[in-house]
Every structure is written in C-alpha cells, then in structure tokens.
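None of the figures in this text is laboratory data; all of them are computed from the coordinates on show. From a predicted model like this one, the values you see are computed outputs, not experimental measurements. When we count neighbours, we look across all protein chains shown, and the Cβ atoms used for this are built from the backbone with ideal geometry, even at glycine.
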Ligand code: 13P
C-alpha cells in the first residue's frame, strides 16, 4: 500500500469569530505528538488570524472555497491566490453545501480546483450522493460522474485529496455502514488508478466525511482506503476534534 499520511481536516463552515481561535491553541496543545497531518478550514475572515495563531504548530489552515478566476469583477468571492496570501495551504472544493446552495456544477468545481493548483494550494475535493440517489441505487454512478467531471487532469498525490461525503450523513448523525463507506472508497481508488495510473492513484488520500465523532471515528478509520476524515461539527471544539485525531493516530 502506498505511504499515505493520515489527514484530519476540520471544516468550520459558517461558524466562528475571533473568540473561536482559543479552540485552535487548545488543539495545538493537545495533539503535539501526532504523526497525522492536521488541517482546519475556518471561515475566510479567520484564515489570516488562524494562520498566525498556528505558526510553529503542526496545524495547517485552509479555505472552504475559491473562485475559478485569478481576480476580477466577482463581488463577494475570494481567489485562490488571496487564500494563499492569507496563509492557507489547502482549499476545499465541491462541498455539497456549495453544490446545493450555490449551484456549483462539476465543471465549476474542476475550474476552481485548477485555480487552486495554479496558486499553489492543495485541494480537498468533495463528492457524495444524496439520500434519493442512494435509495435509487445510483451512488456509484454519481460518484464516478462527479470524479470524472470535477477532478482535473493534473492530479497528483500532493495536490489532491478526495473526500467522500454522503449528503444525507452531513450534520445528521447518520453514518453509512462501514461496508458502504468501504465500497465507495474502493470505487474512488479504482477510478483514480485507472485515470492517473497506479502511482498517482494510490497516493491520493481519501477522506470520509459526514457525522464523524470521537465515538465512531475508530470504526470508520479501520475501513480500507479511509486515510482520514473531513469533519464538520466535531471540529469546532478542541476536545472533540482531538478525540478524532487520537483515533486516527492509533
Ligand atoms: P459534519 O461532520 O458536521 O456532519 O459535517 C461534515 C462535513 O460536511 C465536512 O465537510
């Protein structure tokens, strides 16, 4: 198996003002000896302050979205270069909340991912089916289609992480069975190997996301091809995120 460093990524979504930075210093203190890579993706307004607060720690900082253009007349948007300038090293693209709230298509996600790479950011690209798609037994086709349409040709194990986030598991407390997670992660791995060759295909890290908590993390991390987690709610509090990282370290 390729040597893939475990990754614990927290997506704070639209949560957090300056006061929340105390969670970051608490987390840095708790997880000093970890061998995992730790990433926090706060709202854009906190990126620069979080980057400063994590200097000298093992916590990296990322954005939650970027525009596909380098710059220009896009009111309210942020470019990949701006995220990088603020101290980010990663950005999330294609999160289902952006696909749903902002009508982001696979094509848009692909262009955003290319823009992030051009700016020197690594990308966590999200895919996942809705409940109705799963109930109609379309999960595998949906995942294959999202991968084909949104992962650009220049993917490597350094610039790309893929997160499988079933939409129905996000923020709901519902988690797929380990068999269901394993099946999708296996499909993602095979698709990446087919398209990019075994070297690159095996080196891209695959995260599971959707209601990951300290209590269920160990079971999820034992699944083949799960190289870490993309965590929403449980990444907001240092002790909860710490419990998840501890399970990943084990
Ligand atoms: P929850 O962990 O809150 O379910 O969110 C998952 C997620 O969407 C992370 O990007």
Mean separation of Cα contacts under 8 Å (6+ apart) over length of region 138-250, as relative contact order %: 28
To the nearest 0.05, what FRET efficiency results for residue 18 and residue 55 with a Förster distance of 25 Å applied to their C-beta separation? 0.90
Mean Cβ-within-10 Å packing, highest first, puts peptides 30-36, 198-204, 227-233 in the order 227-233, 198-204, 30-36
Normalised by the number of residues in region 76-198, what is the relative contact order in percent for Cα pairs under 8 Å and 6+ residues apart? 26
Residue span residue 77 to residue 25: 0.36 nm per residue of separation minus Cα-Cα distance leaves a gain in nm of 15.9 nm
Given the C-alpha centroids of region 88-126 and region 73-87, what is the distance between them in whole angstrom? 13
Run the numbers for residue 48 and residue 4: contour at 0.36 nm per residue of separation, minus the present Cα-Cα distance, in nm. 13.0 nm
Please report the antiparallel percentage of the DSSP beta bridges confined to the chain, to the nearest 5. 0
Sorted by average packing, counted as other Cβ atoms within 10 angstrom per residue and highest first, what order do 144-152, 42-50 take? 42-50, 144-152
Under the 7 Å Cα-to-Cβ spin-label approximation, residue 174 and residue 216 lie apart by a distance in nanometres of 1.1
Label model pair residue 156, residue 107: point-to-point distance (7 angstrom along the Cα→beta-carbon line) in nm is 2.9
Can you give the helix-only mean residue ellipticity at 222 nm for the chain, where every DSSP H stretch with n ≥ 4 adds -39500 (n - 2.57) and the sum goes over all residues, rounded to the nearest 500 deg cm²/dmol? -13000 deg cm²/dmol
Gain upon complete extension [residue 224, residue 194; 0.36 nm per residue less C-alpha separation]: 9.0 nm
What distance in nm separates the two pseudo spin-label positions at residue 237 and residue 144, each 7 Å out from Cα along the beta-carbon direction? 4.2
Based on alpha-carbon centroids, what's the gap between region 35-50 and region 157-209 in Å, whole number please? 22
In a Gaussian network model over the chain where Cα atoms closer than 10 Å are linked, find which of 159, 138, 11 has the largest mean-square fluctuation. 138
Take every Cα pair under 8 Å in the chain that's 6+ residues apart, average their separations, divide by the length, and report that relative contact order as a whole percent. 22
